[in-house]
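Worksheet: one structure, shown below.
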Amino acid sequence: LESIKASIRARKLDFDAYVDLQKQYADVVIEVLPTQLIPDDDERKVLRVRMVMKEGVKYCNPVYLLDEGSTV
């Protein structure tokens, strides 16, 4: 686990310089992040996924977890 974390940290500058800034040009961005539902989740086995879609893109229709117009 530590070697994987070290490898990720070592590539962070390249990610910031070449990958992350490309989000502004993307039609869809999918992010995989740690959950916020489990307090003190140190193992990070439960993840949350966030998808951000640009509006008005041909063939890129909005995706809804619940029915469109639902409130939680």
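The values are calculated or read from the model by the stated rules, or taken from the named source; none is laboratory data. These numbers come from a predicted model, not from an experiment. Note: ideal-geometry Cβ built from the backbone for every residue, glycine included; neighbour counts use all protein chains shown. Just the protein is used for accessible areas: all its heavy atoms, side chains included, with ligands, DNA and RNA removed. Shrake-Rupley method; radii C 1.70, N 1.55, O 1.52, S 1.80 Å.
In table form, for the structure just shown:
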| read-out | value |
| --- | --- |
| Test: residue in the range 21-29 that is more than 15 Å from the chain's Cα centre (by Cα) and open to solvent by less than 100 Å² (accessible area, probe 1.4 Å) | no |
| Scope the range 43-72; condition at pLDDT 75 or above and among the charged types (D, E, K, R); matching residues | Arg48, Arg50, Lys54, Glu55, Lys58 |
| Any hit, the range 23-36, residues being at positive phi and assigned to a loop (DSSP other than H, G, I, E, B) | no |
| Matching residues in the range 1-46 - criterion: being touching a Lys or Arg at 6+ places or on another chain (Cβ under 6 Å) and of a type in the set (Ser, Thr, Tyr) | Thr35 |
| Single condition Gln36 does not satisfy, out of (1) open to solvent by 90 Å² or more (accessible area, probe 1.4 Å); (2) in contact with a helix residue (DSSP H, G or I) (Cβ under 9 Å, 6 or more places away or on another chain); (3) of a type outside the set (Phe, Trp, Tyr) | (2) |
| Cβ-Cβ under 8 Å pairs, at least 6 apart or on other chains, the range 12-41 side closer than 23 Å to Asn61 by Cβ, far side of a type in the set (Val, Ile, Thr) and at pLDDT 90 or above | Lys23/Val29 |
| Subset of the range 37-62 [in a loop (DSSP other than H, G, I, E, B) and within 21 Å of Lys5 (Cβ to Cβ)] | Ile38, Asp40, Asp41, Asp42, Glu43, Arg44, Lys45, Val46 |
| Verdict on Glu31 being among the charged types (D, E, K, R), at pLDDT below 85 and under 20 Å from Lys5 (Cα atoms) | no |
| Qualifying residue in the range 48-61 (condition: among the β-branched types (Val, Ile, Thr) and out of contact with any strand residue (DSSP E or B) (no Cβ under 6 Å at 6 or more places or on another chain)) | yes |
